Amino acid sequence: MKKCAVLFLSLVCSINAETLYVSTEGNDSFSGTKVEPLRSIARAVMIANSGDTILLEQGRYREEIRLSKKDDLSFIASEGAEVVIDGSNKLPNKWQPWKQGIWKQSIDADIWQLFVDDKMVYVARWPNATFEDGKIWRMMEGCRSADGGFDKHVGNGEWFGNTRFGVLYDDKFYKPETTGFREGDSRYLVDPSISFDNQPASLASTGKSFKGGYAVLNIGHWLTWTRPITSHEAGADHFTYCTNNFFARYAQFENIKHQFSSYHIIGLEALDQENEWWFDKEAKTVYYKPPYGMNPNKMNISGRVRDFGIDVSKCSDITIKDIKFVGAGFWVLDSKRVLVEDCVFDYPAAPKFILGELDWYEISNPFKQANKMSSFFRGSENRFINNIVRYSNAPVGFDSEGMLVDNCLFTDIEWQLNSNGGSGSVMIGRNGTMRRTTLTRAGNSEGIRAIDKGALLELNHIYDVSNLQHDGSAINVGTTKQRGTRVSHNWVHDTNRQGVRFDYHGTGIYREDGKIHG
């Protein structure tokens, strides 16, 4: 009898299912028909019933698909339409010339990414590095190293050189004295094409004081922190950084400084080339250096104000299809059978360093933390199919039971590291499957990482990853996550670290866990 009742209700829902139309030319007082479309996705969600399809007409929607405790809804672009969900708002045309080709204006809201015609403007950094010149993925070309550090492998651990915890002395990268494999810097040792000649000039040579900026510090081998610069004199070869409120169990001086280190600096003083910007959070002032001869008041410039374009919580049987997201990621929590298919996500996540928010990303996106990443967390039977994820300055997580990630492209992932290397550029959780997926150009020490038991990784293509941290591998399975995991027929090449790695159990521990094939 119960089964019959459920079937009857399902049939009723199917019969009563409707299509609601949404258009940027619509009005939320309309009925939602094709001739009287609604204006906002939010209004469509409010009046939709289970079984309904929300059809988005061509246009740009500066809002989210936000759902809580909903079931059986579909959000689809109308046939042939280019639908964009945008996480930014347009900035006023109130730019004023400042100095050295830089313009500025005051705004009311905090922003943490700047876009011109849907293309990201670079946060002001030293040394300069961009996607266009390729330096952003090359540690020795887009960063500087440190003079010394802490080597825990010597005796009980010893400091060498001038660098100490809280004080970093600038230096260049040096060619190792020996060849052969050594975990952490293997490509420097065995790849004859690596040149040590094309390195940025020294910190002292800038003649600038970077006090008040932030140092992005890969000073923990496979751990990276961003810290405020508390003192730096113009022309000096060293600076101090804040050591208060370090987080994570690794934040001890013996782990903070290793012999393989790199850093770069972000801040207003680093704003020196075209297509860079900075935001003074105290003065609510935006600084931007446009291409030579261009007036930003005549340009299409917007600032990011939303983390997500998809925000789904405690829902089931949701479909999102054929939509492009710009400056807006995805967040699916405690949900079942959510399908995201044939979508494009450009710039889905970015750290809020520019707002002083320095906490590491977490796949669970704790409410108390401002830095948010795109992820599926908890729930079950969710699917992410035929999607493109580009220019995510954060890892991407799929940590729901039985998650399927199939035929996707992940490219240019996390160029200003804000996570420990154990996270991975792309993560798959318990009993999840990742197949026919490509990952390329990524900074995290781990490429694809199985973060729970029973994962299946097969037929994936991974290259040019693990570029901005040490240790790691293109495919990694954690020490306690190996039982039932299978890695089969993947193609890994041209990467800085190991190809496929099952992490070390420890001395005297022998057991059959995961398997590698092909």
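Placing unit charges on each Cβ (+1 for Lys and Arg, -1 for Asp and Glu) gives the chain a dipole about its Cα centre, and among 145, 54, 402 the Cα reaching farthest toward its positive end belongs to 402. Fraction of C-alpha pairs exceeding 32 angstrom in the chain: 46 percent, rounded to a whole number. A Förster radius of 35 Å, combined with the Cβ-Cβ distance separating residue 294 from residue 138, puts the computed FRET efficiency at roughly 0.75. Normalising the average separation of contacting C-alpha pairs (under 8 angstrom, six or more residues apart) by the number of residues puts the relative contact order of the chain at 12 percent. Each stretch of four or more DSSP H residues adds -39500 (n - 2.57); spread over every residue of the chain, this sum gives -1500 deg cm²/dmol at 222 nm. Only aspartates and glutamates eight or more places from residue 298 in sequence, or on another chain, were considered; those with a Cα closer than 13 Å are 117. Placing R0 at 41 angstrom, the Cβ-Cβ distance between residue 486 and residue 46 gives a FRET efficiency of 0.40 after rounding to 0.05. When the inverse distances between all different Cα atoms of region 350-502 are averaged and flipped, the Kirkwood radius reads 15.0 angstrom. Anisotropy class assigned to region 432-493 is oblate, per the alpha carbon gyration tensor with a/c at or over the 1.5 cut-off and a/b no larger than b/c.
Take each peptide in 132-138, 372-378, 271-277, count the other Cβ atoms within 10 Å of every residue, and average; sorted highest first, the result is 372-378, 271-277, 132-138.
Determine the shape class of region 74-155: with a ≥ b ≥ c the square roots of the Cα gyration tensor eigenvalues, call it rounded for a/c under 1.5, and otherwise prolate if a/b is greater than b/c, oblate otherwise. Note, shape of region 74-155 comes out oblate. The alpha carbon gyration tensor of region 385-429 gives principal lengths a ≥ b ≥ c with a/c of 1.5 or higher and a/b no greater than b/c, which makes the shape oblate. Distance between the modelled labels on residue 201 and residue 30, one decimal in nanometres: 5.8 nm (7 Å Cα→Cβ projection).
Longer than 29 Å from Cα to Cα, which of 94/352; 99/352; 104/172 are they? Say none if no pair is.
104/172
The length gained on full extension between residue 16 and residue 368, counted as 0.36 nm times the residue separation minus their Cα-Cα distance, comes to 122.6 nm. A cut-off under 13 angstrom between Cβ atoms defines the neighbours of residue 39, and their net charge, with Lys, Arg +1 and Asp, Glu -1, is -2. Highest mean packing first, where packing is the average number of other Cβ atoms within 10 Å per residue, the peptides 158-170, 221-233 line up as 221-233, 158-170. Sorting 305-318, 203-216 by their mean Cβ neighbour count within 10 Å, with the most densely packed peptide first, gives 305-318, 203-216.
Report the extension gain between residue 244 and residue 89 in nm, rounded to one decimal, defined as 0.36 nm multiplied by the number of residues separating them, less their alpha carbon distance.
The span from residue 244 to residue 89 would gain 52.3 nm if fully extended.
To make sure I understand the rule: partners must be aspartates and glutamates, Cα under 13 Å from the Cα of residue 69, and not fewer than 8 residues away in the same chain. Which ones qualify? Those aspartates and glutamates meeting the cut-off are 311, 317, 334. A straight Cα-to-Cα reach below 20 Å connects residue 281 with the aspartates and glutamates 108, 110, 269, 272, 307, 357, 359, residues fewer than 8 places away in its own chain not being considered. The modelled label-to-label distance between residue 118 and residue 386, using points 7 Å beyond Cα along the C-beta direction, is 1.9 nm. When the Cα positions of 468, 418, 295 are compared along the charge dipole of the chain, 418 comes out farthest toward the positive end, with charges on each C-beta of Lys, Arg, Asp and Glu.
Computed from the coordinates by the stated procedures, all read-outs in this text should not be read as laboratory data. Since the model is a prediction, treat every value here as computed from it, not as a measurement. Every residue, glycine as well, gets a Cβ built from its backbone with ideal geometry; the counts of neighbours run over all protein chains shown.
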